[in-house]
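The values are calculated or read from the model by the stated rules, or taken from the named source; none is laboratory data. Keep in mind that this is a model prediction, so the values were computed, not measured. So basically every Cβ, Gly included, is an ideal-geometry build from the backbone, and we count neighbours across all protein chains shown. Ligands, DNA and RNA are excluded from the accessible area calculation, which covers all protein heavy atoms including side chains. Shrake-Rupley method; radii C 1.70, N 1.55, O 1.52, S 1.80 Å.
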Amino acid sequence: MNNPRDLSRLLLEPSGPVADFNPNPNDSCFCGSGKTFNNCCGSTEAVRPPPFGLFMFENYLDSGYVKDLVAYADQREGEPLMVIDNEASTPDNIVRVADQRRITERVDLGERRPEIRELVKNIFVDLADKCIGCTLDWFEAPDLMRYHEGGYYVRHADSENMDVKTKTWSKVIDRDLSLLIYLNDDFEGGELSFYKFNYQVWPRAGGVAMFPSDHRYLHQAEKVTKGRRYAIVSWASVRGIRKIAAKPPEPAIMVK
């Protein structure tokens, strides 16, 4: 549909606050296809390709390997995950707080932490090159997230916050690409919803999703209604994209 290497369309690099992404259904699609938004990335068709910028890969990881990771995670302790405090945070000091907007927990990776970091590094580097043709500066140390029944994460952008008064978005953390690695699918609910695109992803064990971290890709982890959902998450900074902080976030892993 489009040239996937067109970074100007994929990676947002604003010099200041930007207006909310809310395209008119009859306007030309932002992806450059020449179609209208409602007949392209904003279509409501139940079966269609992912919207521009959302890269999906089923069976990226071996089924036996992800089952082993789930079995390991089932035996590990977890701690509640938090959200970024919009008012207290600055680009060089991200403050996180407990909040009902996010009901999930981080699994203690224990002795497998180095293995998971290397896995995420390899996937991120591979997909950034294949899908967009870009090089990464760093990626954030990955988290293995566990959603029990009733767990969810309300709609959010991974790198930006909205000023509700002006309806504009500003980058608050140096994230350009988001990565999700799904480890299981033996649960109900827990879909990944991209509301701006009328698009929903049903997680599949061994599947991977990568997309830009800005507000166009506002997303939500829907409530798990049965079972437990496991996913590894990380975010990366693309080389050549302007940084807003003086140094990489903590913890960040440099990509050589």
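One table, with the values for the structure above:
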item: Residues that are open to solvent by 20 Å² or more (accessible area, probe 1.4 Å), out of contact with any Pro (no Cβ under 7 Å at 6 or more places or on another chain) and within 27 Å of VAL224 (Cα to Cα), drawn from segment 102-150; result: ARG102, ILE103, ARG106, ASP108, GLY110, ARG112, ARG113, LEU119, ASP143, HIS148, GLU149, GLY150
item: SER193 vs. criteria within 21 Å of ASP129 (Cβ to Cβ), outside any helix (DSSP H, G or I) and among the polar types (S, T, N, Q); result: no
item: ALA46 exposed (fewer than 11 other Cβ atoms within 10 Å of the Cβ) and farther than 15 Å from ALA231 by Cα; result: yes
item: Output for segment 224-250, where each listed residue is farther than 19 Å from ILE132 by Cβ and modelled with pLDDT under 95; result: ILE244, ALA245, ALA246, LYS247, PRO248, PRO249, GLU250
item: Single residue of ALA73, ALA88 found to be of a type in the set (Gly, Ala, Ser) and modelled with pLDDT under 95; result: ALA88
item: One residue from LEU218, LEU179 being under 11 Å from the mean Cα position of the chain (by Cα) and without any contact (Cβ under 8 Å) to a residue 60 or more places away in the chain; result: LEU179
item: VAL154 vs. criteria under 25 Å from PHE37 (Cβ atoms), open to solvent by 40 Å² or more (accessible area, probe 1.4 Å) and not small (Gly, Ala, Ser); result: yes
item: Condition check for LYS165: among the basic types (Lys, Arg), assigned to a loop (DSSP other than H, G, I, E, B) and surrounded by fewer than 20 Cβ atoms within 10 Å (Cβ to Cβ); result: yes
item: Residue tally, condition assigned to a helix (DSSP H, G or I) and either within 30 Å of LEU7 (Cα to Cα) or among the aromatic types (Phe, Trp, Tyr) (or both), over segment 97-155; result: 17
item: Neighbours by Cβ (under 7 Å, 6+ apart or cross-chain): first from segment 5-26, in contact (Cβ under 8 Å) with a residue 40 or more places away in the chain; second polar (S, T, N, Q) and assigned to a loop (DSSP other than H, G, I, E, B); result: PRO17/THR166
item: Of all residues making up segment 202-233, the number that are in contact with a Ser or Thr (Cβ under 8 Å, 6 or more places away or on another chain), small (Gly, Ala, Ser) and over 12 Å from LEU192 (Cβ atoms); result: 3
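Let's see how each residue does on (1) open to solvent by less than 10 Å² (accessible area, probe 1.4 Å); (2) of a type in the set (Phe, Trp, Tyr):
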residue	(1), (2)
TYR182	yes, yes
ASP186	no, no
GLY207	yes, no
HIS215	yes, no
TYR230	yes, yes
ARG239	no, no
LYS247	no, no
GLU250	no, no
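Residue-wise test of (1) surrounded by 14 or more Cβ atoms within 10 Å (Cβ to Cβ); (2) over 21 Å from the mean Cα position of the chain (by Cα); (3) farther than 30 Å from ARG229 by Cβ.
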| position | (1), (2), (3) |
| --- | --- |
| LEU12 | yes, no, no |
| VAL18 | yes, no, yes |
| ASP27 | no, yes, yes |
| CYS41 | yes, no, no |
| PHE55 | yes, no, no |
| GLY64 | no, yes, no |
| LYS67 | yes, yes, no |
| ALA71 | no, yes, no |
